[in-house]
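Below is one structure, written out as structure tokens; comments come after it.
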Amino acid sequence: MFNRERTRRHMTDGAFASPFPVEDPVALAALEVAQSGLAAAVRALADATVRTRVAAPDLAAVAEQVETLTARLLAEAQEGPLGLETDSAGRLRDHGNAMVGMRNPIAPPLVVTGDESGSTSCALTLGAGYEGPPGYVHGGIVAAVLDQVLGSVPAHLGLPGMTAYLNTTYRRPTPLGAPLHCRGWVERVDGWKVHARGEIRDAQDLVTAEAEALFVVPRWAREHLDRPTGDAAGTAPGGEAAQEPSAS
Ligand SMILES: CCCCCCCCCCCCCC(=O)SCCNC(=O)CCNC(=O)[C@H](O)C(C)(C)COP(=O)(O)OP(=O)(O)OC[C@H]1O[C@@H](n2cnc3c(N)ncnc32)[C@H](O)[C@@H]1OP(=O)(O)O
């Protein structure tokens, strides 16, 4: 079972049942709806901030209102990052995660699905706030998407590891504002090490970027997991496309 302190930093969005009981799941579910609603509204605000053409006085007035709202949220806030939390369904969640975090307005948020073969999948569209080259997704964001989707591969195998390396090849620019699809799959499992591969394809089904990565279960986490069972080499890529983000 998981030790709260030692798994605090671990990334495991919904992949594992939580050992910590939820006192009032109905109240927590209502809170989650409000939390994801706020994140979605702030995400839309960030997008509008990038794209707005309103005049300077309007910008100043909006900034003032936003500062008031920020102070209201900080009236009761925790000191540092969220780490892991138990959701209303009793799953461990990293709600603050920069790619998938339900409470994080910086997260697109990705909804990554996967299966026990380790194949993962995610449908996404990235807006103006993720721009790098004009009209295209920033290369660091492309790598972050691949890191998350490939990083979900070992988690679905029950071996949630941290990225030891992620080698990304950019084949062609990744368009903003158009549907994309990212997939990950297992290449090889070697004890506590999972080698994964993956790719992003655009709406024309062309590969825009691909990556090969190594994920390692850190020594400090191993005692909390089952022993690794062996080599899953040759597992075919696959998995279902993600649904719309939700609070669950
Ligand atoms: C339902 C949905 C599910 C979704 C789930 C979401 C999942 C989350 C997705 C998250 C996605 C985002 C994820 C993120 O953003 S993770 C954030 C970015 N990554 C990090 O910060 C990791 C920092 N590094 C470390 O913590 C440790 O060094 C790690 C964990 C990597 C190793 O740990 P530790 O130091 O305790 O282990 P060890 O030294 O005994 O080494 C063990 C073995 O590993 C081999 N080795 C180590 N490094 C390398 C290397 N660079 N190349 C080749 N090999 C390497 C090493 O030789 C040895 O091999 P062997 O001698 O045993 O053969």
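The values are calculated or read from the model by the stated rules, or taken from the named source; none is laboratory data. Here the structure is a predicted model, which is why all the values come from computation and not from measurement. No Cβ is skipped: glycine too gets one built from the backbone with ideal geometry, and neighbour counts run over all protein chains shown. Calculation scope for accessible area: heavy atoms of the full protein, side chains included, ligands and nucleic acids excluded. Shrake-Rupley method; radii C 1.70, N 1.55, O 1.52, S 1.80 Å.
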I need the strands (runs of 3 or more DSSP E) fully contained in the range 151-218, keeping only those with at least 1 residues that are aliphatic (A, V, I, L, M) and farther than 18 Å from Thr120 by Cα. 162-170
Tell me yes or no: at least one residue of the range 150-169 is farther than 23 Å from Ala44 by Cα and more than 16 Å from the ligand (Cβ to nearest atom). yes
Does any residue of the range 97-104 turn out to be open to solvent by 40 Å² or more (accessible area, probe 1.4 Å), modelled with pLDDT of 95 or more, away from the ligand (no atom under 15 Å from the Cβ) and not assigned by the TED database to the domain that holds Gly177? yes
Please determine, by comparing only the residues of the range 73-96 that are outside any loop (DSSP other than H, G, I, E, B) and within 14 Å of the ligand (Cβ to nearest atom), which one is least open to solvent (accessible area, probe 1.4 Å). Leu92
Test result for Leu176, among the aliphatic types (A, V, I, L, M), within 30 Å of Ala48 (Cα to Cα) and open to solvent by 30 Å² or more (accessible area, probe 1.4 Å): yes
When the range 115-157 is examined, which residues are found to be open to solvent by 30 Å² or more (accessible area, probe 1.4 Å), modelled with pLDDT under 95 and not polar (S, T, N, Q)? Asp115, Glu116, His156, Leu157
What is the number of the single condition among (1) more than 16 Å from the ligand (Cβ to nearest atom); (2) within 16 Å of the chain's Cα centre (by Cα); (3) in a helix (DSSP H, G or I) that Gly129 does not meet? (2)
Qualifying positions in the range 203-222 - of a type in the set (A, V, I, L, M) and open to solvent by 60 Å² or more (accessible area, probe 1.4 Å): Ala203, Leu206
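Got a sec? Which of Thr70, Thr49 is at pLDDT 95 or above, closer than 14 Å to Ile106 by Cα, open to solvent by 50 Å² or more (accessible area, probe 1.4 Å) and outside any loop (DSSP other than H, G, I, E, B)? Spell out how you get there, then give the answer.
Numbers: Thr70 fails: closer than 14 Å to Ile106 by Cα.
From the options Thr70, Thr49, the qualifying one is Thr49.
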Selected residue (criterion: farthest from Leu225 (Cα to Cα)) from residues of the range 185-202 that are open to solvent by less than 40 Å² (accessible area, probe 1.4 Å) and in contact with a Lys or Arg (Cβ under 7 Å, 6 or more places away or on another chain): Glu199
Taking the conditions exactly as written (under 29 Å from Trp185 (Cβ atoms), more than 16 Å from the chain's Cα centre (by Cα) and not assigned by the TED database to the domain that holds Glu212), does Ala89 satisfy them or not? yes
Please determine, by comparing only the residues of the range 190-208 that are within 16 Å of the ligand (Cβ to nearest atom) and in contact (Cβ under 8 Å) with a residue 60 or more places away in the chain, which one is nearest to Arg51 (Cα to Cα). Gly198
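Scan the range 133-150 residue by residue and report those that are among the hydrophobic types (A, V, I, L, M, F, W, C) and either assigned to a helix (DSSP H, G or I) or within 12 Å of Phe215 (Cβ to Cβ) (or both). Give the steps one after another, and end with the answer.
At the first step, the residues of the range 133-150 found to be among the hydrophobic types (A, V, I, L, M, F, W, C) are 137, 141-146, 149-150.
Within the range 133-150, Ile141, Val142, Ala143, Ala144, Val145, Leu146, Val149, Leu150 meet the criteria.
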